[in-house]
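Working notes, beginning with the structure itself.
No lab work stands behind these numbers, since they all come straight from the coordinates. As the structure is a computational prediction, the values presented were derived from the model and not from experiment. Here the Cβ positions follow ideal geometry from the backbone for every residue, glycine too, while neighbour counts run over all protein chains shown.
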Amino acid sequence: MGKYVVKRIFLAVVTMFIVCAITFFAMNAIPGGPFDGEKAVSPEVKAALEQRYNLDKPVPEQFVLYLKNILHGDFGISLKTGRDIKTTIFESFSISAKLGGMAVVVALILGLFFGSIAALTRNKLPDRLIVFFSTLFASLPSFVFATLLLMVFCVQLGWVPVWSVDNQNYVLPVIALAAYPMAYITRLTKTSMLDALGQDYVRTARAKGVAQWKVIFKHTLRNALIPVITYVGPMTASILTGSLVVEKIFTIGGLGAKFVDGITNRDYTLIMGTTIFLAVLMISVNLITDIVYKIVDPRIKLD
Amino acid sequence: MDNMNKDINSMPKKSLFSMQIDLKKFEKATDEEKKQQDVMSESVSFFKDGMRKLSRNPLAMGSLVVLILIIAAIFIVPHVVPYSYSQIITVNGKRDKSAANMAPFEYSDLEQEYMAEGGKVFPHIMGTDEMGRDYFVRVVYGTRVSLSVGFFAAMIVLIIGVLYGSISGYFGGKVDLVMMRIVDIIYSLPDMLMVVLLSVVLREILNVDSIPMLQKIGTNMISLFIVFGLLYWTGMARLVRGQILTIKQNEYVLAAKVSGAKSGRIIRKHILPNCVSVIIISAALQIPSAIFTESFLSFIGMGVQAPMPSLGSLANAARAGISVYPYKLVFPAVMICLITLAFNLLGDGLRDAFDPKLRR
């Protein structure tokens, strides 16, 4: 177990390093320095600026310095707004984290609920309806779904107010963000629940006369949960990428929207900062999930 | 003769332990008896059996029909409809500026005049877009672009994944260990972020203008393919390696080795046929995933090069006028939905029909 954890952490650190390297060298490959912008700068000012941001040093040295700065939490300043990227990330991430957290909870609860219902009513009407809708949600791009939600419930019906700083209504963004993971968890829960229902210990419990709800909650659902844990890592990734889309559509100033803005404005330091931040976040979640998975199910042998 | 037969037939019942031969058992078989030995049905090959199972699955068959219709449409429609994806509608040689943003089956004033004079105008089945281009043709071309992006991405994943996975699985040992650690690392890279990052970089440094074929689809799609080639094959490589490792341990492979088969023959005759169905299914499921990635890239403004449409870029462009012209979002969105749904359902059906492990 200890050996496994160490190995897993080592792998995660290597991956994070590779992400940083790819990001840094990819951005460096773009022709033109950050100060060759619209406004002409005098050579002296440019030299001073380059010295300030270590741009006069050779590229490998710049990379080492960049890594050092990242470890200190210093992502540099935005090329377009001149703001400190660390503050931008933390400010916008608090909104994204709230949104993403709610979406995770909604997706998990509803996914487990619908998945269990589908497994328990196999081949009957509720199962067929749930399977139909979960397949439909899984085959609709998130920006189409979010746009439809916005159009129908905000604009046409007027049930939900449009997002603004004073009126932060999370209902529609959370639904838009949770739809895909929810559909996936539903299908996952259904299969693992059906698998668990066919096990011998469930038959034994039923033969003993254990109440139906107890069989479901104690014997089946608990075991059906294990595969769902493995999905937490991919779910985080999907919700983070989904937030790029959803935040932009609902005009929420979260990290995802900042990232998309950075791309449209060609704000390379912002793109670098957010990419590394999001990547480290995803890799950490994956690491934790893998370790938790191992603890929860001792049957699993991970070499 | 007759007498002898009678003798045989009336043979005394033999005692339990007697060595006396029951001559009845050595009579010639009658035609009727011979018929019983005939094989009732033809022997069924693995492929035929799978196809039969597939044809009993209505969802999978429906998806197959839908896909065939879509593919037929993207080849036939551009020849039938007299508009092209980038051409602004012209009536009688004149550019029709009033033809922008028309509803399905609507005709512009100029077109109505022309029709009143006896000219023929092909109906705009899905209306026109904001620049006065026929939307139906654009959706058809968008489907074509999206499907080919999906297809090429799947091919890249298939080729790299199968090569890498089979080398790793076949050689085993240290080679396998090193190759799989590399896969582990690539697998844990956040793929969407890397797609975006590489697209940002490649659109600056790639110069596709020199190659006319690539120019049409644009830098962003090239970077999409590059990213698929760099990152997305890991799942396929793991799958192939796992398949080869399990198949290698089967008794029939051992039997083939014992009877002196060379490894080339073992790979061709025993290993490949057993994992090819799984590989093809998983490659087919890459197509909707690539279409999704492309539509995501279109959303953040890094899709195919204009004026070439893709389903994602059409849907994204339609968001601007969504409250006035909702149909412009609905058509490409329904197409994306249909394609991904059909591929997923067909993939599930194929898996049920061809995966030997699922047979019980």
*asked:* Would segment A:108-213 count as rounded, prolate or oblate if I go by the C-alpha gyration tensor, calling it rounded below 1.5 in a/c and otherwise prolate when a/b exceeds b/c, oblate otherwise?
replied: prolate
*Simple spin-label estimate for A:Asp56 and B:Met155 in nanometres, 7 Å along Cα-Cβ*: 5.2 nm
*Once both labels are modelled 7 Å past Cα along the beta-carbon direction, what's the B:Ala320-B:Phe17 spacing in nm?*
10.4 nm
*Assuming a ≥ b ≥ c are the square roots of the Cα gyration tensor eigenvalues, decide whether segment B:83-204 counts as rounded (a/c under 1.5), prolate (otherwise, with a/b larger than b/c) or oblate.*
prolate
*Chain lengthening between A:Thr121 and A:Lys208 when straightened (0.36 nm per residue, less Cα-Cα)*: 29.1 nm
*Around A:Ala97, what is the net charge, scoring Lys/Arg as +1 and Asp/Glu as -1 over all other residues with Cβ under 15 Å from its Cβ?*
0
*asked:* So, R0 is 35 Å and r is the distance between the beta-carbons of B:Ile167 and A:Ser94; what FRET efficiency does that work out to, to 0.05?
replied: 0.15
*Under 5 Å, built H, 5+ apart or other chain: amide partners of A:Asp74*: none
*Determine the relative contact order of chain A: mean sequence separation of Cα pairs under 8 Å and six or more apart, normalised by residue count, in whole percent.*
25 percent
_Once you place label points 7 Å from the Cα toward the Cβ at B:Lys120 and A:Lys3, how far apart are they in nm?_
7.9 nm
*Please find, in a Gaussian network model of chain B (springs between Cα atoms separated by less than 10 Å), the residue of B:Phe343, B:Phe299, B:Phe225 whose mean-square fluctuation is greatest.*
B:Phe299
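Rounded if a/c is under 1.5, else prolate if a/b is larger than b/c, else oblate: which is the protein assembly as shown, with a ≥ b ≥ c the root eigenvalues of its Cα gyration tensor?
It is prolate, given that a/c is not under 1.5 and a/b is the larger ratio.
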_Helix runs (DSSP H) in chain B reaching 30 Å along axis by Cα, Kyte-Doolittle at least 0.5_ = B:58-80, B:135-171, B:327-354
*Peptide ranges B:325-338, B:69-82 listed from the most packed, as the mean C-beta count within 10 angstrom indicates*: B:325-338, B:69-82
*Would you please state which residues of segment B:97-135 a label at B:Thr90 would reach in this model, taking the label point 7 Å out along Cα→Cβ and a backbone N cut-off of under 13 Å?*
B:97
*Under the definition of partner shielding as Cβ atoms of other protein chains within 10 Å of a residue Cβ, what is the mean value for peptide A:25-31?*
4
*Calculated FRET efficiency, B:Met61 and A:Val105, Cβ-Cβ r, R0 45 Å, to nearest 0.05?*
0.70
*asked:* Please list, by residue number, everything in segment B:269-304 whose backbone N is under 15 Å from a paramagnetic label point 7 Å out along Cα→Cβ of B:Tyr252.
replied: B:269-278
_Segment B:Ala306-B:Ser43, length gained on full extension (0.36 nm per residue, minus Cα span)_ = 89.2 nm
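Would you order A:His219, B:His124 from fewest to most other beta-carbon atoms within 10 Å of each residue's own beta-carbon?
Numbers: A:His219 20, B:His124 24.
With the sparsest Cβ surroundings first, the list reads A:His219, B:His124.
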*asked:* Using a 10 Å cut-off around each Cβ of peptide B:295-304, what is the average number of partner chain Cβ atoms that fall inside?
replied: 4
*Return, for the Cα atoms of segment B:35-139, the radius of gyration and Dmax in Å, separated by a comma.*
24.0, 79
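Please give the net charge around A:Ala118, taking every other residue with its beta carbon less than 12 angstrom from that of A:Ala118, where Lys and Arg add +1 and Asp and Glu add -1.
Summing Lys/Arg as +1 and Asp/Glu as -1 gives +4.
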_Cβ crowding within 10 Å averaged over residues, with B:255-261, A:150-156 ranked highest first_ = A:150-156, B:255-261
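Averaged over peptide B:266-272, how many Cβ atoms belonging to another chain are found within 10 Å of each residue's Cβ?
0
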_Label-reachable residues, segment B:243-287, where backbone N falls under 14 Å from a point 7 Å from B:Asp176's Cα toward its Cβ_ = B:243-250
